[in-house]
1. Are there any pairs, at least 6 apart or on different chains, whose C-beta atoms fall under 7 Å, with the first in segment A:36-58 and within 11 Å of chain B (Cβ to nearest Cβ) and the second among the charged types (D, E, K, R) and surrounded by fewer than 24 Cβ atoms within 10 Å (Cβ to Cβ), and if so, which?
2. Within segment B:101-134, can you find the residues that are surrounded by 24 or more Cβ atoms within 10 Å (Cβ to Cβ) and assigned to a strand (DSSP E or B)?
3. All but one of (1) in a helix (DSSP H, G or I); (2) modelled with pLDDT under 95 hold for A:Lys67, so report the exception by its number.
4. Within segment B:119-139, track down each residue that is among the basic types (Lys, Arg) and away from every other protein chain (no Cβ under 14 Å).
5. Restricting to segment A:1-25, and then to whatever is more than 27 Å from B:Val86 (Cα to Cα) and crowded, with 19+ Cβ neighbours inside 10 Å, can you tell me which residue is farthest from the other protein chains (Cβ to nearest Cβ)?
6. I'm trying to understand the selection: among the residues of segment A:167-198, which are farther than 19 Å from A:Pro45 by Cβ and at pLDDT below 95?
7. Report, by residue number, each residue of segment B:154-178 that is surrounded by fewer than 21 Cβ atoms within 10 Å (Cβ to Cβ), out of contact with any helix residue (DSSP H, G or I) (no Cβ under 8 Å at 6 or more places or on another chain) and either more than 20 Å from B:Glu111 (Cβ to Cβ) or not charged (D, E, K, R) (or both).
8. Restricting attention to segment A:61-106, which residues are basic (Lys, Arg) and surrounded by fewer than 17 Cβ atoms within 10 Å (Cβ to Cβ)?
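The values are calculated or read from the model by the stated rules, or taken from the named source; none is laboratory data. All values reported here derive from a predicted model rather than from experimental measurement. In this analysis, Cβ positions are derived from the backbone assuming ideal geometry, glycine residues included, and neighbour counts consider all displayed protein chains.
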Amino acid sequence: MIGIIDYGAGNLHSVLKAIKQLGYETKLISGNSDHTDEITKIILPGVGNAKVAMDVLYSTGLSDYLKERVSAGIPLLGICLGMQLLLETSEEGNVLCLGLLKGAVPEFTDESEKIPHMGWNQVKDTQSHFLFENIPDETDFYFVHSYFAKPELQEDILGATNYGIHFASVIGNSQVMGVQFHPEKSGKYGIQLLDNFCKQGGI
Amino acid sequence: MLRKRIVPAIDVLNDQAVKYVQFRNPTIIGDPAELGKKYTEDGADELIYLDTTASLKNQDLKLEWIQRVAEQVNIPFSVIGGVRTVEDFKNLLRAGADKVGVNSAAVMRPELLKEAADIYGKQCVVLGLDAMPIYDDKGEIVRWEVYTHSGHEKTGLDVVEWAQQAADLGAGEIICTSIHKDGMKNGYDVELIKLLSEKVNIPIIASGGAGKIEHIEEVFSKGKADAALVASMIHYGDYTIGEIKSYLQTKNVNVRLI
């Protein structure tokens, strides 16, 4: 069963809908009390502000829940803001994040590019990873963000995108991973990526 | 590189998709969700729904069709129309909208943009901006003025100044409609779009006036738009989105082909 973290994120329902349409069982997780052994994978969605999101994750106990589940070996996928929250800190509200991956989240500062980075852009695979299965390299995905992930370790960069600078648009390892774009809003290949996460290693 | 976006606009009145000419005389063109799904399959990059009944109808009814769109469409869509409060943002985002647009309410209370951006992030705050040119004695355009309430009320605000202020407050994107061009099919207001694209550091969606495929190329190449809104030319079957994109590609406009 796929657990989806419910902390008031704007794209919660589109993620939920996409996972359901793929045929997976889902459960919304809104606090520690929802901790259940049935949940084999977790998705952390996100649209919005890092500070606001972390405040909710802390106050609901969801931040502890996520850390505990990850240390128990449960795979976790962060989407957009949810991906940024996997890192240690974000400049958006100067907030301490989950720290499940090493690195920070700075703001785009290139004056020549409009902020937010909004629209369809290509993802270049920098490593092979199961998330990319059955998806051509340099496929377009839909991005909406003003901050970006800057992992400390090169090995945590799985895919990159060019927007004035090259930034990490897919990060993580075989257990904790994140995508900066919105797979749930990126047409068929986005849905494929979600399927790749959900089916990896059994449901 | 970031692609130029083709964005079908779907006007909604009483839960039906309609088409207006210069904000008046609606004609029913279909179901909002079915139309959205069709355009997605044709290669639309994003959808914009303009709910023209929002201020008169109850919220539940409005959320119902948005939920249906969210069920059937797997690309981003914005809902604009009748939004007044942060609570409206919350409800529309929860119903499945990816972005929420404000127009008149932001003019009346600009802080709304900041309040919404502080909670949900500026990327889902869209400013709807309706512009009318102001002419001098010789009939030359000297500036553009902001109109509200579906183009019925003039505000005295300068379009560029308002756009800059809105971007500073928290708008993440601007849909700029030229009222005098809308539905006329004789091209976008390229001059205004170019001015906004140069003066405002958030994406600009050009709206109002596309009738021919060349108009879209022009608003990207000369107008420097980030996205082009299309309505009548696709609603009435003059062109498909696939045809528009193939044409743009031959003109070296960076579009996403599916």
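1. Listed pairs, sorted by first residue: A:Asn49/A:Glu92; A:Asn49/B:Asp118; A:Ala50/A:Glu92; A:Lys51/A:Glu92.
2. B:Gly101, B:Val102, B:Val125, B:Val126, B:Leu127, B:Gly128, B:Leu129, B:Asp130, B:Ala131
3. (2)
4. In the first step, residues of segment B:119-139 are kept if they are among the basic types (Lys, Arg); the result is B:122, B:138.
Answer for segment B:119-139, where residues must be among the basic types (Lys, Arg) and away from every other protein chain (no Cβ under 14 Å): just B:Lys138.
5. First, the residues of segment A:1-25 that are more than 27 Å from B:Val86 (Cα to Cα): A:1-3, A:19-25.
Cutting the leftovers down to crowded, with 19+ Cβ neighbours inside 10 Å gives us A:2-3, A:19.
Working: A:Ile2: 17, A:Gly3: 19, A:Ile19: 12 Å.
Residue satisfying both the conditions and the ranking: A:Gly3.
6. If the condition is that a residue be farther than 19 Å from A:Pro45 by Cβ and at pLDDT below 95, then A:Lys188 is the only one that fits.
7. Filtering segment B:154-178 down to residues surrounded by fewer than 21 Cβ atoms within 10 Å (Cβ to Cβ) leaves B:154-158, B:160-161, B:164-165, B:168-169.
From what's left, out of contact with any helix residue (DSSP H, G or I) (no Cβ under 8 Å at 6 or more places or on another chain): B:154, B:156, B:158, B:161, B:165, B:168.
Within segment B:154-178, B:Lys154, B:Gly156, B:Gln165 meet the criteria.
8. Restricting attention to segment A:61-106, the residues satisfying the condition of being basic (Lys, Arg) are A:67, A:69, A:102.
Correct list: A:Lys67, A:Lys102.
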